[in-house]
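Heads up, the thing below is written out as structure tokens.
The values are calculated or read from the model by the stated rules, or taken from the named source; none is laboratory data. Quick caveat, the model's predicted, so the values are computed rather than measured. Counting neighbours? That spans all protein chains shown, and the Cβs are built from the backbone with ideal geometry, glycine included.
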Amino acid sequence: MKYLGFLLLALFVFLLGCGGGGGGGGGSSDGTTNGFTNGATDANPGSTIVGQIVSRDSNPVTPIAGVTVRFYDSGGSLLASAVSRANGYFDANIGTNAVKCDVDGSTVPNGYYAIFRYGSTRYQASSTSPSVTCRVPLPTIVPGVLTEMTNGAFKFVSLGPPDPPANGCLP
């Protein structure tokens, strides 16, 4: 009992020090933080992957709703799909076998170019044709853990000239 007050104070200081603050945030010039606008990770319970679809026509970037992202295993079998919400976020429970994803080009809003950036690589939104193979590699999925797309948001553009041709697609 002699040290109870000291222990409670030490515990309080420890908990206070472990609370918020977070990391430095890795912001970028396009208004994203840690790859996502406002540093948020908006996902539904049980989801294993979360990402975001945005327009980089403005700074900060603006979300794009209604875009379908499809997830595949190493054999190319479709495992799951997700649709971006009003805030641009999509999430899905894809299991641990998912290794790649693509964007369904038929769901990208009119006016946006089919080429999008993910990190420093350019990809083309896939058509409904199975002959198009332009899939984004996924980070390793850990069971029971929500994984963020590691290179940030999928960034589309509608203003100005289109990006150069995709350099992340298979021949």
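Whether a residue is under 17 Å from the mean Cα position of the chain (by Cα), of a type in the set (S, T, N, Q), at pLDDT 95 or above and farther than 18 Å from Pro165 by Cα was assessed, and Thr68 passes this test. Scanning region 116-133 for residues that are under 17 Å from Ile64 (Cα atoms), more than 17 Å from the chain's Cα centre (by Cα) and modelled with pLDDT of 90 or more turns up nothing. Within region 142-171, the only residue that satisfies the criterion of being in contact with a strand residue (DSSP E or B) (Cβ under 9 Å, 6 or more places away or on another chain) and on the phi > 0 side of the Ramachandran plot is Gly152. The sole residue among Gly168, Gly152 that is assigned to a loop (DSSP other than H, G, I, E, B) and over 18 Å from Asn87 (Cα atoms) is Gly168.
Only residues that are surrounded by fewer than 16 Cβ atoms within 10 Å (Cβ to Cβ), of a type outside the set (S, T, N, Q) and more than 13 Å from Tyr123 (Cβ to Cβ): list them for region 136-161, please.
Residues of region 136-161 surrounded by fewer than 16 Cβ atoms within 10 Å (Cβ to Cβ): 137, 139-140, 142-145, 150, 158-161.
In the following step, the residues that additionally are of a type outside the set (S, T, N, Q) were identified as 137, 139, 142-145, 159-161.
Pro139, Val142, Pro143, Gly144, Val145, Leu159, Gly160, Pro161 - these are the residues of region 136-161 that are surrounded by fewer than 16 Cβ atoms within 10 Å (Cβ to Cβ), of a type outside the set (S, T, N, Q) and more than 13 Å from Tyr123 (Cβ to Cβ).
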